[in-house]
Amino acid sequence: MTPSLVFVSVIAYVFPLLFIFYMGVDVLLRNPRKTEHRIFAAINACYFLIILEEFVRFYLPIEYSPVLTAIWFSSAGIAIPGLGVQFIVKTVGLDKRMPKLLYPYIFYAPLLIIPFNILGSERYISTQQFVMAGIWKLPVYNTAYYAALTVSLTISAISIWIMYKNLKAAISAEQRAMYNLLLASVCMTFAWIVVFGYFNYGKWLPPYPYLYGGIVWCFFLRLIMNKYEFLDQGIQRYRKIFNISPSALFLLGRNGEVKEVNPAAKQLLAELDMPLDGVVAVKRLELQPLLNKQEEIRNLEATLQNGEKQAELLIDGDYITMDNELQVILIIRNITQQKENQRQIAFLAYHDPLTGLPNRRYFYERLEQSLEEATQAKQQLAVVLIDLNKFKETNDRYGHEAGDTLLKHASQLIVQALGTQGMAARLGGDEFVFYINPLPDVSVVDAVLDQIRALFAQVGIAYKNKLLYAEMSAGVSIFPSDGLSIDQIVNRADKAMYENKKKRA
């Protein structure tokens, strides 16, 4: 045995053997319980046995070739087409529609020929004639050879047909892309076997050169499995992210049924006293119309309520294909606190933080709208300014906390007296303002002011065992007799208020 022959055998057989072994073991160990992994490993094992047989036959005399081919090569090779079809059937989910009496047994039916091929006088699936061509022991391309090859290709053609039919029924763009790659790999392998199986290349190629097409197919299968996360590594990565995500994650079926929720989702449901399986929550979110149309779910705000408890949510979702089934993963974030903060910020932009009354800005905006309404309706409108008397004395005697208490108390009494006749606001310090719109008669203003004075005199507010009472001076202006613009009306009321305040001094 010359070094050149050893080198050729290493290139033709040893390297492919190592490569096949690596691919098969790598895929199987990632998830030995997954059917697609076991089928892929079985296909690799068959190719490994076939290449190993050719490696052994390369070093043995040609007289051993018929026996090795019949017992070893053919027995391993006849299993590959059926396993290939089963892999495709399982990948596209067709196994779920097959009768249990047929799946998976029908794919192993060709194995029944092996005993007849080994024990019988006739070799049905292997040639018995070999010739030397250079360094190779080549099979004679006779009827038995072509028959076995044609049957194998016919079975492989079933895979192409299955992929083509299911390509049209793909339920997502991701699944369609995966089917396209699978179909391309099967068609490429089919063409390889035709080109290198039906034609004799003599001494220029090793025996059965079409076998290397199968190795290439296994390589592309592994790439496809890796890209579309058939392999357990992707699933484990997804599982880890799913479980540690701080956002609530819901995995739904195409029809909205809840398949799984992560710990963060269970915590959210527990806070709302809802069942932890998420079924009730998803039903109340009313997402089914979106799921039916496979519409995009992006930044969808929803409120999930259970009795007195509720949470404001921001929902994002995407459609994924897992186990040949279209599923939906929802990312749900509890934005209750953020929304409350936003409302608080918006409130403080237009309201006084101490009393909760509208502030000067908000009051002037509403007053401007009311003036326009009064002008169009040719009605009167009243603006009343109120200043608390002796407020500085209260601050000096009892402290600013007492002053704040009195301000809040006075604002409540003003709102109570005004009711729904207009709008009250705090201008700043101890000054309040309100308008009455529409104003049917000036007497209405007097009645409201009388009620405020009465409430101030009769209703005190407790502060450290003391009862604090509010006193006031008020100024009134009437639209349109006292002015037509906001500045004119407010200034007129302000002057009237200070005149009244001087009289009380």
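The values are calculated or read from the model by the stated rules, or taken from the named source; none is laboratory data. In this text, all values refer to a predicted model and were calculated from it rather than measured experimentally. Here Cβ is always computed from backbone atoms with ideal geometry, including for glycine, and neighbour counts include all displayed protein chains. Note: accessible area is taken over every heavy atom of the protein model, side chains too, but ligands, DNA and RNA are not part of it. Shrake-Rupley method; radii C 1.70, N 1.55, O 1.52, S 1.80 Å.
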*Is it true that residue 54 is of a type in the set (Asp, Glu), out of contact with any Asp or Glu (no Cβ under 8 Å at 6 or more places or on another chain) and either at positive phi or crowded, with 17+ Cβ neighbours inside 10 Å (or both)?*
yes
*Hey, can you tell me all the residues within segment 65-93 that are open to solvent by 40 Å² or more (accessible area, probe 1.4 Å) and under 21 Å from residue 160 (Cβ atoms)?*
90
*Pairs under 9 Å by beta carbon, first residue within 30 Å of residue 130 (Cβ to Cβ) in segment 205-227, partner among the hydroxyl-bearing types (Ser, Thr, Tyr) and outside any helix (DSSP H, G or I), six or more apart or different chains?*
209/201; 210/198
*Just give me the residues in segment 32-67 being small (Gly, Ala, Ser) and either touching a residue at least 60 places away in the same chain (Cβ under 8 Å) or not in a helix (DSSP H, G or I) (or both), in sequence order.*
65
_Cβ-Cβ under 9 Å pairs, at least 6 apart or on other chains, segment 111-130 side open to solvent by 40 Å² or more (accessible area, probe 1.4 Å), far side modelled with pLDDT under 70 and of a type outside the set (A, V, I, L, M)_ = 113/124; 116/122; 116/124; 123/117; 124/117
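Residue 43 - would you say it is at pLDDT 90 or above, out of contact with any Ser or Thr (no Cβ under 7 Å at 6 or more places or on another chain), open to solvent by less than 10 Å² (accessible area, probe 1.4 Å) and within 19 Å of residue 140 (Cβ to Cβ)?
no
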*asked:* Can you tell me how many residues within segment 133-148 are touching a residue at least 60 places away in the same chain (Cβ under 8 Å) and in contact with a Phe, Trp or Tyr (Cβ under 7 Å, 6 or more places away or on another chain)?
replied: 3
*For segment 343-360, enumerate the residues that are in a helix (DSSP H, G or I) and either over 26 Å from residue 404 (Cβ atoms) or under 43 Å from the mean Cα position of the chain (by Cα) (or both).*
343, 344, 345, 346, 347, 348, 349, 350
*Look at segment 429-445 and say how many of its residues are outside any loop (DSSP other than H, G, I, E, B) and either open to solvent by 30 Å² or more (accessible area, probe 1.4 Å) or more than 16 Å from residue 406 (Cα to Cα) (or both).*
11
*Tell me, yes or no, whether segment 393-403 has at least one residue that is without any contact (Cβ under 8 Å) to a residue 40 or more places away in the chain, polar (S, T, N, Q) and under 21 Å from residue 352 (Cα atoms).*
yes
*Select from segment 401-455 the residues that are under 52 Å from the mean Cα position of the chain (by Cα) and of a type in the set (Asp, Glu) and write down the one among them that is nearest to residue 361 (Cα to Cα).*
404
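Yes/no matrix, rows are residues, columns are (1) open to solvent by less than 20 Å² (accessible area, probe 1.4 Å); (2) closer than 30 Å to residue 376 by Cα:
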residue	(1), (2)
411	yes, no
447	no, yes
461	no, no
482	no, yes
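Just give me the residues in segment 166-190 being under 23 Å from residue 214 (Cα atoms) and either open to solvent by 50 Å² or more (accessible area, probe 1.4 Å) or among the hydroxyl-bearing types (Ser, Thr, Tyr) (or both), in sequence order.
Residues of segment 166-190 under 23 Å from residue 214 (Cα atoms): 166-167, 177-190.
Result: 179, 180, 181, 184, 185, 187, 188, 189, 190.
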*Within the bounds of segment 235-255, is there any residue that is modelled with pLDDT of 80 or more and farther than 26 Å from residue 279 by Cα?*
no
*For residue 399, work out the one condition from (1) crowded, with 16+ Cβ neighbours inside 10 Å; (2) over 29 Å from residue 369 (Cβ atoms) it doesn't fulfil.*
(1)
*Can you name every residue in segment 348-391 that is at positive phi and either modelled with pLDDT of 95 or more or open to solvent by less than 80 Å² (accessible area, probe 1.4 Å) (or both)?*
356
_If I ask for residues that are open to solvent by 30 Å² or more (accessible area, probe 1.4 Å) and either closer than 19 Å to residue 207 by Cα or without any contact (Cβ under 8 Å) to a residue 12 or more places away in the chain (or both), which ones from segment 20-31 would you list?_
22, 29
